[in-house]
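These notes are about the structure you will find just below.
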Amino acid sequence: MLQAMPFLLVIIPFSILFGVVATEAGMDLAKVMGFTVLVLAGASQFTAIQLISDNAPAIIVILSGLAVNLRMAMYSASLVPWLRGASGTQKAWLAYVLIDQSYALSIQHYERHPGLSLRQRLAYFAGTATTLCVPWVIATWVGATVGQAIPEEVALDFAMPITFLAMIAPMLRTPAHLAACFVAVAGALALAWMPSGLGLLIAAPLGMATGALVEYWIEKKRGTA
Amino acid sequence: MSDLDIWIIIIALGIGTFLIRWSFLGALGDRELPGWVLRMLRYTPVAVLPALVAPLVLWPAANDGQPEPARMAAATATVMVGLLTKNVILAIAAGAITLFGLLYLLG
């Protein structure tokens, strides 16, 4: 889908980077591709590779990788009201391709067009997910096979922060959104000393609660005025 | 670490990640969620993604976790352009240009 195309500009470098980093950490092609196809979650793949090269015990690698992905439980929950009624197989596929970008695009689209039918919502999700996930897998393969040639000065590490920020900024439409974002960021920075992913799991719900609270206050004020 | 260990990690992460993503959609699927839950869930993306990124902006691993002007400026440019134009592509472009421009100038 067209709306997902711009994300390829950042997903592809990010994915190539994973191929490069994983190969440098000593993974063979089968393992690099195993990660990308079976896990399909960039941040946790990077976390796992980092810890494997630090020789962390397997259980720590698994727990940290999963902690980074716990945010996706929140995505899963927030899609429930929009995708109620989808079949079990459809939900399983949705779950497999539920990544940050496909989630962000779809939820934005659903909020902007509340009148869509379930079929249209599923089709939109399938479109974004295919556009994003297929190149993600291919680009990892490219990175693992020819990526060694990329000079280190190309700051691929920052592709992810820039994409995420670019997705979020246009969504900050109301004081409630701003407050949620502010509290979540402040919390994440204050808790950055905690082991991988834990700070996020505290900061993000704090931000969500703040957003909900501010929204509630504003509605109450409007109601009584 | 042995090959077997690494495959165990890959498969455990794969299954675990799938179950996390499937959790609410699959298990709670068609039940009504209470109003306060829905209200909170509206703020999932604007809370989770910035919280994920903020430490990476301030303490980038590529710079051994030291604050770095090019990356901070790129993040600021991305957010400003995104807020002003509401356009994701323009915001990404602004961030990328700022980052590569400053890395080139400062590097």
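The values are calculated or read from the model by the stated rules, or taken from the named source; none is laboratory data. The structure displayed is predicted, hence computed values, not measured ones. Cβ: placed from backbone, ideal geometry, glycine included. Neighbour counts: every protein chain shown. Remember, those area values only see protein heavy atoms, side chains included, never the ligands or the DNA or RNA. Shrake-Rupley method; radii C 1.70, N 1.55, O 1.52, S 1.80 Å.
At-a-glance table
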item: Residue identified as at pLDDT below 90 and at the interface with another protein chain (Cβ under 8 Å from one of its Cβ atoms) among A:Ala169, A:Ala204; result: A:Ala204
item: Of the criteria (1) facing chain A (nearest Cβ under 8 Å); (2) open to solvent by 20 Å² or more (accessible area, probe 1.4 Å); (3) polar (S, T, N, Q), which one B:Thr78 fails; result: (2)
item: Residue pairs meeting the criteria (Cβ under 9 Å; at least 6 apart or on separate chains; first under 15 Å from A:Leu191 (Cα atoms), in segment B:41-69; second of a type in the set (Asp, Glu) and surrounded by fewer than 21 Cβ atoms within 10 Å (Cβ to Cβ)); result: B:Leu56/A:Asp157
item: Single match in B:Ala12, B:Ala27 (criterion: free of Cβ contacts under 8 Å to residues at least 12 places away in the same chain, of a type in the set (Gly, Ala, Ser) and open to solvent by 50 Å² or more (accessible area, probe 1.4 Å)); result: B:Ala27
item: Single unsatisfied condition, A:Met33 versus (1) modelled with pLDDT of 85 or more; (2) within 29 Å of A:Ala203 (Cα to Cα); (3) surrounded by fewer than 19 Cβ atoms within 10 Å (Cβ to Cβ); result: (2)
item: Selected residue [at pLDDT 80 or above, within 20 Å of A:Tyr103 (Cα to Cα), of a type in the set (A, V, I, L, M, F, W, C) and assigned to a helix (DSSP H, G or I)] from A:Ala179, A:Ala123, A:Ala159; result: A:Ala123
item: Count of residues meeting criterion [within 16 Å of the chain's Cα centre (by Cα) and touching a residue at least 24 places away in the same chain (Cβ under 8 Å)] in segment A:6-34; result: 9
item: Scope segment A:63-84; condition touching a residue at least 12 places away in the same chain (Cβ under 8 Å) and either within 17 Å of A:Met194 (Cα to Cα) or open to solvent by 50 Å² or more (accessible area, probe 1.4 Å) (or both); matching residues; result: A:Ser64, A:Gly65, A:Leu66, A:Ala67, A:Val68, A:Asn69, A:Leu70, A:Arg71, A:Trp82, A:Arg84
item: Residues within segment A:51-78 that are more than 7 Å from every other protein chain (Cβ to nearest Cβ), under 22 Å from the mean Cα position of the chain (by Cα) and more than 27 Å from B:Thr44 (Cα to Cα), tallied; result: 1
item: Some residue of segment B:92-102 being more than 9 Å from every other protein chain (Cβ to nearest Cβ), surrounded by fewer than 18 Cβ atoms within 10 Å (Cβ to Cβ) and either farther than 26 Å from A:Ala212 by Cβ or more than 14 Å from the chain's Cα centre (by Cα) (or both); result: yes
